[in-house]
Every structure is written in structure tokens, then in C-alpha cells.
Amino acid sequence: MKLKHVFCIAVIAGGSAWIAQAQLPGLGGLKNKIDNTKNKAKPATDRAEKAHEAFASWSPEEEEGIGEASAAKMIAMFGLVESDSLNAYVNLVGTAVAQFAPRQIPYRFGVLDTGMIGAFATPGGFIFVTRGAVAGIKNEAELAGVFGHEIIHASERHLESQLKTTKASTWAKEEGKAVKGPALLEANRAKAESLITDLFNMKLSRDKEDGADERGSMLAVQAGYAPDGLMNFLITLQASGSSPKATKAFGQLFSTHPPLDERITKLRAWVEKQPKKGVTNEQRFLDGTQ
Amino acid sequence: MRTILSLCLALAATLAMFQLAAQQSNTKDKQKQDKQVSDDDQPLYTRPVGTKGATKAKKESATNAFNGIDPNTGKPLPATMGKSAGAAETLLAKGMFDRVPKREVLMAFVKEGGLIAR
């Protein structure tokens, strides 16, 4: 009986040892598999790092470089109104409002030489208003409201974040590469081309536009202007109707912004909550922009 | 013979009158069309902007026309979108920084206009 038990135990032990030996190479394979998986995962990690770089904010140098290239493109498209007194005036009004911007960067202001009605912010604090818009604005508070709207877009990097969302795949690859010197200038120019095309064709989200209307008007109020400046300018535009000439003048504005009546309604609700004070400086505006 | 000659002269005179009238009508139509094009090319708001202290050429540029906009959509024309910045435009963009007012100039502007300084 005992001998039988000993035999059985020996058989079982021998079998187990054989099975274990047979399995060991398998365990080694498992280790290899883990290593392989790690190696396969590495490119994915690299891609994630590149994607993170793409979604991370541009450095101040990148923002300035891309902004400058974008501003140069805008100037190439329409030209700047080259009047020293006008440029000095719009920079004074813009800087007075920009004192209260949530992010302090060197904001600078220019008037594009086109009858189209619009205002634009490119990265890096380059803010443009068109000659057509200035001609329709009635006082300094309205101009301050328009600048406030654009300062919020630039300050909160609205265009950058929207573009990085839509162009994540292509820009992630480009931004993964370190470029310097002339190559950097060329890369900035290519981004500026893409950015300006989107600026004229892409709608920012409703939240961003509504936020820019309200917080932009708030910047103007903080600077001492009447709270209804931007709202009154939008009312002027609305009153101009829908003639072919108005369509031509507003085409850009309508295709990239929410409808005027919705913007006016929301702004009116905000304006009614503000203290009834602030300046409009109508005469100074007329003198400064003539 | 005399009657035939008179008839021919009368016919020639009538034809000449018709031709003159047609020419005048065409000229009027063309003038009307030109005026229409000229009106359509004027900006919606016509108050002159940035003409003070500008040269004649700059004055004209600063008061006229939509400049590069599609009349049907109001969007920039493809030719406008296709313009690339050269050295001159890059210099102008860089020059925008020079127009940012100095602190003391800004403070004088703020004070004069009843604004608030931060």
C-alpha cells in the first residue's frame, strides 16, 4: 500500500516537473510579449506627447511669431490706412481698454483699408478694425466695445484653441519637430496662411462669441466707457438693412458670427444690469478718426 | 426724278435721326450703368476715415471702395486671399508695435477723456 502511494507521488511529481519544464519557455514568451507590447506602445506614447504639444498653448515666442506673420498677411490682403493721427488714436483707445485684459500681452491696433465691416484679432495681440467699420461707428465707447470684443478673443486664445482642435492631426506632426531660423519663419508663415483662411471662413463657438461680446463690453466699462457701446454699434449695423450693399459690407461678419438680433438681445440684458455711467467721447472720436 | 431724290433725302435724314437717337439712348444707359457700379462700389458708411494728414493717394485709398471683397458674398475674393506678405508688409506688421502709446501719453489721453487708469 505504502509502496503504491510512493509510486503515485513519484509519478505525479515527475509529471508536474515535466509539465512545468514544458511551460517555462511559455513563461519566457509571456515576458517577451510584455516587452513587445511595451515597445509597440512607445510610438503611441510619442504620438500622445506630440498631441499634447499640439494642444498646449503656444509659447510667447511662437504666439508672437505666428501673430506677426498673420498680421503681415492681413496687411498684404487689404493694406493699412496709413494715417499717423488715426493710428495714434486707435492705439490710445485700444490700449486704454487693453489695460484691463485678463492676459497682459502687447496689444497693438491698426485700421485695414477696406469698406468691409469687421474687426479681427490674430494671435499675439494684433487687433484690426476695418475702415468700413470705423466709418459706421459713432463714438469712442462704440470703438472701445469693438476693441474689447477682439481683445477678449486674443487674450483668451480663442482662435488658437479652435484651430488646434480642428487641425490637431496635421499641426501635431509639425509642432513635434523643432524648427529654428528661416525654417521657423517659413513654418510661422504657413500657419499664418492657414490661420487667416480659417479666420475668414470659420465660426468660433457661440459661447466664445457671446463671451467676447459681454466680457469685451465689460473691459470697456472698466476703462470708463458707457456699457452700451458695442450694443449700439450692432444696432446701427442692424438698422442698415439687407440691401445688396449691406450684404457686401456685412458678408464676412454674418458668415462668422451669430445673428445680430441674438447678439443685441443678449447684450441688452447685460447692459441693463450695468450702472448707467461712463463716457462716449463722440467729438474726440470724430476728430481722431477723420 | 426730283420726287425720288426728295424721298431718298427724307429717308436718309430719318435714318440718321434714328441712329442718333439710338446712340444717345445707349450713352444714357451706359452712364446709368456706370453710376450704378460706382454706387455699389461705395462703402455702406461713407464718412471719410484717416484722411487727415494723409497724402492725396492715401486719401483716395482711405475713402473709396470695398477693396478686395466679392460683391455677392461680402467675403474676400480668392485673389485677395491669395496675396502673400512680403518684406514690406512684414515691416508694417512689426511697425505696429511702435504705435503702442507710452505710459505717460496713455495717462494724458485717459485723463482728458474722463477714463480710468489701471
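List the GluC sites (Glu not before Pro) in segment A:209-290 that DSSP assigns to loop (not H, G, I, E or B) and whose Cβ has at most 15 other Cβ atoms within 10 Å. Which are they?
Answer in residue order: A:E272.
Multiplying the sequence separation of A:A190 and A:S85 by 0.36 nm and subtracting their Cα-Cα distance, what value in nm do you get?
34.5 nm
Would you kindly state how much longer the chain becomes between A:R268 and A:Q290 on full extension, computed as 0.36 nm times their sequence separation minus their alpha carbon distance, in nm to one decimal?
5.0 nm
Using the beta-carbon distance between A:N201 and B:V105 and R0 = 25 Å, what value does 1/(1 + (r/R0)^6) give for FRET efficiency, to the nearest 0.05?
0.05
For A:T247 and A:K276, what does the FRET efficiency come to when R0 = 45 Å and r is the distance between their Cβ atoms, rounded to the nearest 0.05?
Efficiency, rounded to the nearest 0.05: 0.80.
Just so you know, all these numbers are worked out from the coordinates, no wet-lab data involved. Since the model is a prediction, treat every value here as computed from it, not as a measurement. FYI the Cβ positions are ideal-geometry reconstructions off the backbone, even for glycines, and counts take in every protein chain you see.
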